[in-house]
Amino acid sequence: MNIPDSIEIKESNGKGLFAKRLIKKGSIVFHFDGKIGDDAHTNPESLQIDEDKFLESTAGFDNFLNHSCEPNCNIDWENLNLVALRNIQIGEELSFDYNTAEYDLINMVENCSFKCNCGSKNCIGKVKGFRYLTLEQKKEIQKFISPFLKKKFEQE
Ligand SMILES: [Zn+2]
């Protein structure tokens, strides 16, 4: 998976993806082209799309996409594209909300929850997965969550 011309990897808190040129609102930043499998084993780098559908980690640049509580990108789950939620300026870091993709980061093989440093005024502090959000927080991100999380949310 080759990194598109519009972005680059740079030091952030660890490494992150940064815009090299203006990325327009609504445009596709890149397509996640990892292998789709039905392996129930999940890790922070694989994306759970549905009950038994996982996008395996590519070990590519997409793994450097960091979390923000006020992200500038979201995932189009149907087409598996990363889409810009607003105009992203040159030099700005790209982010999406991990809680739209991860149900439970605590009860994994390893606890993968982490403290967020996004600095947004709506920062939730610790990122633990969709399961641990308040009902209000869940409703706020509902339209961006994966098909898997939608099912989980309906069951709650
Ligand atoms: Zn945050």
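A short reminder: the numbers here are calculations on the coordinates, not readings from a lab. Just so you know, these numbers come straight off a predicted model, no measurement behind them. Neighbour counts are summed over all protein chains in view; Cβ atoms, including those assigned to glycine, are modelled from backbone coordinates with ideal geometry.
The figures follow:
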item: Per-residue Cβ neighbour rank within 10 angstrom, fewest leading, Lys10, Lys152; result: Lys10, Lys152
item: Segment 77-156-segment 1-26 distance, computed between alpha-carbon centres (Å); result: 19 Å
item: Separation in nanometres of the label points that stand 7 Å from Cα toward Cβ, at Gln142 and Asn2; result: 4.2 nm
item: ³J(HN,Hα) computed for each position of segment 76-88 - Karplus, 6.51 cos²θ - 1.76 cosθ + 1.60, integer Hz, glycine/proline x; result: 7, 5, 5, 9, 6, 10, 8, 10, 6, 7, 7, 5, 10
item: Charge dipole of the chain about the Cα centre (unit charges at C-beta), most positive-ward option of Ser12, Ile88, Ile141; result: Ile88
item: Extension gain, Asn111 back to Glu92 (0.36 nm per residue minus Cα-Cα distance, nm); result: 3.9 nm
item: Gained length - Leu135 relative to Asn81, 0.36 nm times residue gap less alpha-carbon distance; result: 16.8 nm
item: Förster radius 25 Å - calculated FRET efficiency between Lys126 and Ile28, Cβ distance, rounded to 0.05; result: 0.20
